[in-house]
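One structure below.
The values are calculated or read from the model by the stated rules, or taken from the named source; none is laboratory data. Values in this document were obtained by computation on a predicted structure and should not be read as measured data. Cβ: placed from backbone, ideal geometry, glycine included. Neighbour counts: every protein chain shown.
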Amino acid sequence: MDLKEKYNQLEDFNKKAELGGGIERIKKQHAAGKKTARERILQLLDHGTFTEIDKLVTHRNYDFGMEKNKILGDGLIAGYGKIGERLVYVFAQDFTVFGGSLSRANADKIVKIQNLALKMGAPVIGLNDSGGARIQEGVESLAGYADIFYNNVMSSGVVPQVSAILGPCAGGAVYSPALTDFIFMVNEKSHMFVTGPEVIKTVTHEDVTKEELGGALTHNAKSGVAHFNGTDEEQTLMMIRELLSFLPSNNLEEPPVKTTLDPSDRTEESLQDLIPADPNKPYDMNELIQKIIDNNHFLEVQAQYAQNIIVGFARFGGKPVGIVANQPAHLAGVLDINSSAKAARFVRFCDAFNIPLLTLVDVPGFLPGTSQEFGGIIKHGAKLLYAFSEATVPKITIITRKAYGGAYDVMSSKHIGADVNFAYPTSEIAVMGPEGAINIIHRNKFNEEEKTKAVQEYRDKFANPYKAASLGYIDEIINPKDTRKKIIGALDMTKNKRKSNPPKKHGNIPL
Ligand code: HXC
């Protein structure tokens, strides 16, 4: 071969690899309303930053005639590039090649990406669109999955891991995304399940469509498996970029600060009237959040799941903060199984990646009932208690109204390590609400008139923040209009916080 032929050969290999499963399959992918793996990566990353690795890898399978059917890249595009000018590693399963199924060779490519990301301290983003284990490869494919799972676990809490489900994702293949920090899905285009509709029909005789079983809405609103859903691929990939803008590249870095024109000392008069005088009237905690954060920009996580608690990312004075807030407009903001688990996971993520926590409290307590007790509210509620207690990032708490019972302790109280605890004058901090308390301590002893009087007495005495403030459990009672500047002041005061938990192999969170 002369020099020219050698260069032509390289060009030829590159072109072949870039065609994946071929024009016809690419057309089919587009006709299904899906982009190709390569198009997705280019859309996700900053323009012109993608560097591909292992482009010429092929499978090493000699069964079922596979030796005659080798495609460069073997159904997986892998490499690195930038998002917001910061390094990220990315892999995308190429559905046009053996349905994006996972071979030993393409598992090795993912493992290589994971190892590089761990060494260099950068996030890993997986774009999933696959028929699962490469059937022709049997246990080698299963081994490939297990290697990926293992690396997911080793990377957990070291670099952010993000999964987008952009097509089918079935069988054990769902467990790599499940081990990552955030799962994104696309409405009506992506599906996740351990066993599909046909198997379910045979085993349990249930009739269920794949959309009902494992569509984006199911996992965002019902199961809580996913964290975000987009209306299409473009929007979903944009949301990944937005999420990463709040996160540090690894657990040894601070989250990225963005310059903001929103004044740190901005007061918000309208907040003075947000909380109704009647404690039984709801209000929208989202409104409060919007009014205090930089430029009204809030990235809510799991917005459709367990809506009695709100979790998400915002910035204060340009610095990323994780917000956990009871939502009185949904189930009165009560803590139940799902909201406890949702918030606990979010708190642990923020703690792992040095993101300070702001907790906004308006909680009537834990939800009573047999379904909650039988479902294990004791251990699920304990998850949130555990997560807040072990978190060593700066923790700022504001009680806006109710903080009753165990839920007062759980919601980042002073006692479990919050650094700054504020309360509004509208706060009610006590063991339980006045009516419930009087019913228990004066049961059968009081007539209606005496009960009303006792309820009022209890309310005057306990349904306020002053008892807690007199004990130092609340550092300062603040006016709602000053919330933003108080938070920014507290973040500034806590910015050099040094705190570590006792050395241990790992704790034992109640799972
Ligand atoms: C090899 C596969 C494949 C697989 C699909 N293909 N899945 N090849 N291994 N797992 C191939 C098909 O043969 C086909 O090739 C091409 O990909 C496109 O697939 P279609 O079926 O034509 O596409 P579509 O109709 O869109 O259906 C997609 C699908 C379906 C729903 C994903 O292909 C499917 O059900 N596949 C099998 C899913 C599965 O059971 N996987 C194993 C799960 S167990 P041609 O050449 O005809 O175009 C598992 C264990 C993991 O994953 C355990 C980890 C612990």
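Sub-9 Å Cβ pairs linking a first residue in the stretch 124-135 that is within 6 Å of the ligand (Cβ to nearest atom) to a second residue that is of a type in the set (Lys, Arg), at least 6 apart or interchain, are 134/104, ordered by first then second residue.
Residues of the stretch 116-147 that are within 12 Å of residue 173 (Cα to Cα) and of a type in the set (S, T, N, Q): 128, 130, 141. Every test in (1) hydroxyl-bearing (Ser, Thr, Tyr); (2) within 13 Å of the ligand (Cβ to nearest atom); (3) out of contact with any helix residue (DSSP H, G or I) (no Cβ under 8 Å at 6 or more places or on another chain) is passed by residue 101 save one, and that test is (3).
The residue pairs whose first member lies in the stretch 10-37 and is on the phi < 0 side of the Ramachandran plot and part of a helix (DSSP H, G or I), whose second member is within 12 Å of the ligand (Cβ to nearest atom) and charged (D, E, K, R), and whose beta carbons are closer than 6 Å, counting only pairs six or more residues apart or on different chains, are 37/94.
When the stretch 431-442 is filtered for residues that are crowded, with 21+ Cβ neighbours inside 10 Å and in contact with a strand residue (DSSP E or B) (Cβ under 8 Å, 6 or more places away or on another chain), only 433 remains. Applying the criterion of being crowded, with 18+ Cβ neighbours inside 10 Å and among the charged types (D, E, K, R) to the residues of the stretch 136-154, the residue that is farthest from the ligand (Cβ to nearest atom) is 140.
For the stretch 41-59, the criterion of a residue being more than 26 Å from the chain's Cα centre (by Cα) and within 14 Å of the ligand (Cβ to nearest atom) is satisfied by at least one position. Please specify each residue of the stretch 350-377 satisfying the condition of being surrounded by fewer than 22 Cβ atoms within 10 Å (Cβ to Cβ), touching a residue at least 60 places away in the same chain (Cβ under 8 Å) and either within 18 Å of the chain's Cα centre (by Cα) or farther than 21 Å from residue 414 by Cα (or both). 352, 354, listed by residue number.
Looking at the stretch 180-227, which of its residues are basic (Lys, Arg) and in a helix (DSSP H, G or I)? Passing the criteria: 201, 210, 222. For the stretch 378-386, check the following and say yes or no: at least one residue is among the small types (Gly, Ala, Ser) and under 20 Å from the mean Cα position of the chain (by Cα). Checked the stretch 378-386: at least one residue is among the small types (Gly, Ala, Ser) and under 20 Å from the mean Cα position of the chain (by Cα). With the checklist (1) modelled with pLDDT of 95 or more; (2) more than 10 Å from the ligand (Cβ to nearest atom); (3) assigned to a helix (DSSP H, G or I) in hand, flag the one item residue 80 doesn't pass. For residue 80, the exception is condition (3).
Step by step: first the residues of the stretch 17-67, then only those that are touching a Gly at 6+ places or on another chain (Cβ under 7 Å) and of a type in the set (Asp, Glu), then the one that is nearest to residue 101 (Cα to Cα). Which residue is that? Ranking the qualifying residues of the stretch 17-67, first place goes to 52. For the stretch 315-341, the tally of residues that are under 29 Å from residue 267 (Cβ atoms) and either buried (at least 23 other Cβ atoms within 10 Å of the Cβ) or among the hydroxyl-bearing types (Ser, Thr, Tyr) (or both) stands at 11.
Rundown of residues vs (1) outside any loop (DSSP other than H, G, I, E, B); (2) not aliphatic (A, V, I, L, M), yes/no style:
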residue	(1), (2)
425	no, yes
429	yes, no
437	yes, no
444	no, yes
455	yes, no
458	yes, yes
468	yes, no
482	yes, yes
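Looking at 176, 103, just one residue is more than 18 Å from the chain's Cα centre (by Cα) and in contact (Cβ under 8 Å) with a residue 12 or more places away in the chain, and that residue is 103.
Look at the stretch 317-335: where a residue is touching a residue at least 12 places away in the same chain (Cβ under 8 Å) and a partner is charged (D, E, K, R) and part of a helix (DSSP H, G or I), sitting 6+ places away or on another chain with Cβ atoms under 8 Å, you get 317/294; 317/492; 318/294. Name the residues in the stretch 63-77 that are touching a residue at least 24 places away in the same chain (Cβ under 8 Å), more than 26 Å from the chain's Cα centre (by Cα) and either buried (at least 24 other Cβ atoms within 10 Å of the Cβ) or in a loop (DSSP other than H, G, I, E, B) (or both), would you? Hits for the stretch 63-77 are 63, 64, 71, 72, 73, 74, 75. One residue stands out in the stretch 83-98 among those that are buried (at least 19 other Cβ atoms within 10 Å of the Cβ) and closer than 19 Å to residue 250 by Cβ: the one that is farthest from the ligand (Cβ to nearest atom), namely 83.
Evaluate the stretch 110-123: report whether one residue or more is in a helix (DSSP H, G or I), crowded, with 19+ Cβ neighbours inside 10 Å and within 12 Å of the ligand (Cβ to nearest atom). There is no residue in the stretch 110-123 that is in a helix (DSSP H, G or I), crowded, with 19+ Cβ neighbours inside 10 Å and within 12 Å of the ligand (Cβ to nearest atom). Yes or no: residue 383 buried (at least 21 other Cβ atoms within 10 Å of the Cβ) and outside any strand (DSSP E or B)? Here the answer is yes, as residue 383 does meet what is asked. Considering the conditions (1) closer than 23 Å to residue 353 by Cα; (2) of a type in the set (Gly, Ala, Ser); (3) more than 25 Å from the chain's Cα centre (by Cα), residue 264 is excluded by exactly one of them, (1). Residues in the stretch 155-174 that are out of contact with any Phe, Trp or Tyr (no Cβ under 6 Å at 6 or more places or on another chain), over 19 Å from residue 34 (Cβ atoms) and within 9 Å of the ligand (Cβ to nearest atom): 171 alone. Only one entry of 127, 142 meets the criterion of being out of contact with any Pro (no Cβ under 9 Å at 6 or more places or on another chain) and either in a helix (DSSP H, G or I) or more than 28 Å from residue 304 (Cα to Cα) (or both), and that entry is 142. Can you give me the number of residues within the stretch 193-218 that are under 29 Å from residue 157 (Cβ atoms) and within 12 Å of the ligand (Cβ to nearest atom)? Counting residues in the stretch 193-218 that are under 29 Å from residue 157 (Cβ atoms) and within 12 Å of the ligand (Cβ to nearest atom) gives 3.
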